[in-house]
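The values are calculated or read from the model by the stated rules, or taken from the named source; none is laboratory data. Here the structure is a predicted model, which is why all the values come from computation and not from measurement. No Cβ is skipped: glycine too gets one built from the backbone with ideal geometry, and neighbour counts run over all protein chains shown. To get the accessible areas, we keep the full protein, side chains included, count just its heavy atoms, and leave off ligands, DNA and RNA. Shrake-Rupley method; radii C 1.70, N 1.55, O 1.52, S 1.80 Å.
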Amino acid sequence: MPPCFVLLTDFGLADPYVGQLRGVLHQLAPGCGCIDLSHGVPHFRVETGALYLAASVPYLPFHAICLAVVDPGVGSQRAILCLRMGHRTFIAPDNGLLCLAAAQHGNGDARVWRLRPGIVSGNPSATFHARDIMAPAAAKLATGTPPEALGEEMPPAAMHSPVWTRPETTDSGLVARILHVDHFGNCILNIPSAADMPAHEMRHKGRRTPLVVVDHYAALPTGHVGLLCGSQGYWEIAANRDSAATLLDLHTGDSVTFPDVK
């Protein structure tokens, strides 16, 4: 089967950007299918895009080529990367967008290449690298060009890794970041579900909140918030039929401290 493109962006659907991106892919690799993972990443929220990507890796088709674009640094000196993990390949700016996926699913065999400038002909727009550089690169990969023909290999550990890519252990406890507040008001943390979280209290903006650790939303007592391992592979702060984000004034990018987790 031919490769399948998977698109993840913060472009939204009101403008022609997604259509132009899909058009370039179809022109250059017409035999490949295309899946829209999401174009609703909040504008410039790289951490949310990284979560969407990491949470979705196990469900992508084999031989998928994922084009992930949340790129507030477009046109700057930031690099464009190609990450290969098993049979799946990812192209994204080097701004942390690939870090969670590599950490969760790399399994020691992840390989990364930094794409060379000039891999496409013409005069690419400085404000739309997704259409003019990343999409042609993805099409080259889909039609048989190996990654090493497009760039120089680099250690995965050399990828740009922002502070939100992992929780931090401090004297005050475990400090986590909120990667995403979903439609229901659940606050998804940068703590993988494999981590042990015996937390009974959370501190945020000088406020102490007692927590209940449960395994599903309905187990939370009405009016209380708690912790659970959600479906996206990370711990969540949640409420039963209510918005934990609204109850606790939590937002994407906020840090929260769990004092009893060392």
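Points to keep in mind about this one:
- Filter pass, G173 being more than 27 Å from L8 (Cβ to Cβ) and in contact with a Pro (Cβ under 9 Å, 6 or more places away or on another chain): yes
- Restricting M197, M202 to residues that are closer than 30 Å to P58 by Cα, open to solvent by less than 10 Å² (accessible area, probe 1.4 Å) and more than 20 Å from the chain's Cα centre (by Cα) narrows the list to M197.
- Unmet requirement for M159, which otherwise passes all of (1) open to solvent by less than 20 Å² (accessible area, probe 1.4 Å); (2) closer than 28 Å to K205 by Cα; (3) of a type outside the set (F, W, Y); (4) in contact (Cβ under 8 Å) with a residue 60 or more places away in the chain: (2)
- Residue under evaluation I178, criteria (1) in contact with a helix residue (DSSP H, G or I) (Cβ under 8 Å, 6 or more places away or on another chain); (2) more than 21 Å from I65 (Cα to Cα); (3) buried (at least 18 other Cβ atoms within 10 Å of the Cβ), criterion not met: (1)
- Test: residue in the stretch 218-234 that is in contact with a helix residue (DSSP H, G or I) (Cβ under 6 Å, 6 or more places away or on another chain) and outside any loop (DSSP other than H, G, I, E, B): yes
- Selected residue (criterion: most open to solvent (accessible area, probe 1.4 Å)) from residues of the stretch 120-136 that are part of a helix (DSSP H, G or I) and of a type outside the set (G, A, S): R131
- Residues that are assigned to a helix (DSSP H, G or I), over 17 Å from H180 (Cα atoms) and touching a residue at least 12 places away in the same chain (Cβ under 8 Å) do occur in the stretch 28-37.
- Any hit, the stretch 175-196, residues being assigned to a helix (DSSP H, G or I), touching a residue at least 40 places away in the same chain (Cβ under 8 Å) and touching a strand residue (DSSP E or B) at 6+ places or on another chain (Cβ under 6 Å): no
- The stretch 84-125: number of residues that are out of contact with any strand residue (DSSP E or B) (no Cβ under 9 Å at 6 or more places or on another chain) and among the aromatic types (F, W, Y): 0
- Within the stretch 57-91, tally of residues that are assigned to a helix (DSSP H, G or I) and without any contact (Cβ under 8 Å) to a residue 24 or more places away in the chain: 1
- Filter result for T246 (outside any loop (DSSP other than H, G, I, E, B), touching a Gly at 6+ places or on another chain (Cβ under 7 Å), under 24 Å from L100 (Cβ atoms) and open to solvent by 20 Å² or more (accessible area, probe 1.4 Å)): no
- The residues on offer are L53, L98, L83, and the sole one that is over 12 Å from the mean Cα position of the chain (by Cα) and buried (at least 20 other Cβ atoms within 10 Å of the Cβ) is L83.
- Checking F258 against (1) in contact with a helix residue (DSSP H, G or I) (Cβ under 9 Å, 6 or more places away or on another chain); (2) closer than 19 Å to P192 by Cβ; (3) touching a residue at least 40 places away in the same chain (Cβ under 8 Å); (4) open to solvent by less than 10 Å² (accessible area, probe 1.4 Å), the condition it does not meet: (1)
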